[in-house]
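A short worksheet on the structure shown next.
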Amino acid sequence: MKAAGLSQNQLKIIAVISMTIDHIGYILFPKLLILRIIGRIAFPIFAYSLYEGAKYTRRPIAYLLRTGGLGLVCLLAYYWYDERLYGNVLITFFLSLCMLLSLRFLKENFREKNRRKTVLFALLFVGSVALTVLTCQLMRVDYGLVGCLLPLFAALCDWQTDHSRWQGYPLIGFSLGLLLLSADQGSIQYYSLLSLPLLMLSSHRRGTAKMKYFFYIYYPLHLLVLEGLKVGIQWLR
């Protein structure tokens, strides 16, 4: 039977469209505030998808390396282009993943009463939080410390073994985190709360199409195209 609601792929496509509109506004039409407002729903959808991905992935190391590796490439490219260290959103998500995965294995070993591994992953979790705080102090990171912690709010409210019974709890924690992020970022970030009705419609299923690499490739590619258009427009003027 097909699960009712929006699949993760469908939610991510909505987020990709929103993100593209946001970046068109930021790079090409900075005076059109409506484009930035539409773009506010992208980050929460990706952040919640990251929480669900970290919970169910069977290849956590590959997930970390893929996110962190591409984030580092984008960071170096931005540094070469603008001579500034800037933690793009993939760096934000890499830091989130470090915390999410260490917390996931901490909870699993705690339930299984494996004391040695529980202590190990507790230390890794504390270390990943410390790494996140330190990174956010050393350089500007997209959405800041609260943005890095956002997916963690969902994970901290998900200690149940029967996910289908308690699936609303993570979203409650995530909503509180999103309120804190909006208060921290201020301005139009409060429009990010419009993502919550879409997340409530989630079927918590990935979807049939395998689009994982599309979402990774699209992020740097669309930024490259938009920056190229900006340079071209400036040259024509």
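Sort through Gly69, Gly25 and tell me the only one that's surrounded by fewer than 17 Cβ atoms within 10 Å (Cβ to Cβ) and assigned to a helix (DSSP H, G or I). First the steps, then the outcome.
Working: Gly25 fails: surrounded by fewer than 17 Cβ atoms within 10 Å (Cβ to Cβ).
So the residue among Gly69, Gly25 that is surrounded by fewer than 17 Cβ atoms within 10 Å (Cβ to Cβ) and assigned to a helix (DSSP H, G or I) is Gly69.
For region 190-235, enumerate the residues that are closer than 19 Å to Leu150 by Cβ and in contact with a Phe, Trp or Tyr (Cβ under 9 Å, 6 or more places away or on another chain). Explain how you work it out, then say what you get.
Applying the first criterion (closer than 19 Å to Leu150 by Cβ) to region 190-235 yields 190-200, 202, 204, 215, 219.
Passing the criteria: Ser192, Ser195, Leu196, Leu199, Ser202, Phe215.
Which condition from (1) in a helix (DSSP H, G or I); (2) touching a residue at least 60 places away in the same chain (Cβ under 8 Å); (3) buried (at least 16 other Cβ atoms within 10 Å of the Cβ) is the one that Ile188 breaks?
(3)
Within the bounds of region 207-214, is there any residue that is open to solvent by less than 40 Å² (accessible area, probe 1.4 Å) and touching a His at 6+ places or on another chain (Cβ under 7 Å)?
Taking region 207-214 as the starting set, the residues that turn out to be open to solvent by less than 40 Å² (accessible area, probe 1.4 Å) are 207.
Adding the requirement that they be touching a His at 6+ places or on another chain (Cβ under 7 Å) leaves none.
No, that holds for no residue.
One residue is enough: does region 164-174 have a residue meeting the conditions in contact with a Pro (Cβ under 7 Å, 6 or more places away or on another chain) and at pLDDT below 95? Don't jump to the end; show me each part of the working.
Step one: filter region 164-174 for residues in contact with a Pro (Cβ under 7 Å, 6 or more places away or on another chain), giving none.
No, region 164-174 contains no residue that is in contact with a Pro (Cβ under 7 Å, 6 or more places away or on another chain) and at pLDDT below 95.
Quick test for you: out of Leu97, Leu76, Leu103, pick the one residue that is part of a helix (DSSP H, G or I), open to solvent by 20 Å² or more (accessible area, probe 1.4 Å), at negative phi and not acidic (Asp, Glu).
Values: Leu97 fails: open to solvent by 20 Å² or more (accessible area, probe 1.4 Å); Leu103 fails: open to solvent by 20 Å² or more (accessible area, probe 1.4 Å).
Result: Leu76 is the single residue among Leu97, Leu76, Leu103 that is part of a helix (DSSP H, G or I), open to solvent by 20 Å² or more (accessible area, probe 1.4 Å), at negative phi and not acidic (Asp, Glu).
Taking the options Leu226, Leu194, name whichever one is under 17 Å from the mean Cα position of the chain (by Cα) and of a type outside the set (Asp, Glu).
Numbers: Leu226 fails: under 17 Å from the mean Cα position of the chain (by Cα).
Going through Leu226, Leu194 in turn, just one is under 17 Å from the mean Cα position of the chain (by Cα) and of a type outside the set (Asp, Glu): Leu194.
Ser128 fails exactly one of the following numbered conditions: (1) closer than 29 Å to Cys74 by Cα; (2) among the hydroxyl-bearing types (Ser, Thr, Tyr); (3) open to solvent by 80 Å² or more (accessible area, probe 1.4 Å); (4) free of Cβ contacts under 8 Å to residues at least 40 places away in the same chain. What is the number of that condition?
Among (1) closer than 29 Å to Cys74 by Cα; (2) among the hydroxyl-bearing types (Ser, Thr, Tyr); (3) open to solvent by 80 Å² or more (accessible area, probe 1.4 Å); (4) free of Cβ contacts under 8 Å to residues at least 40 places away in the same chain, the lone unmet condition for Ser128 is (3).
Identify all residues within region 132-145 that are in a helix (DSSP H, G or I), open to solvent by less than 30 Å² (accessible area, probe 1.4 Å) and of a type outside the set (S, T, N, Q); write none if there are none.
Scanning region 132-145 gives a single hit, Gly144.
The values are calculated or read from the model by the stated rules, or taken from the named source; none is laboratory data. Remember, it's a predicted structure, so these values are computed and weren't measured experimentally. In this analysis, Cβ positions are derived from the backbone assuming ideal geometry, glycine residues included, and neighbour counts consider all displayed protein chains. Surface accessibility is based on the protein's heavy atoms, side chains included, excluding ligands, DNA and RNA. Shrake-Rupley method; radii C 1.70, N 1.55, O 1.52, S 1.80 Å.
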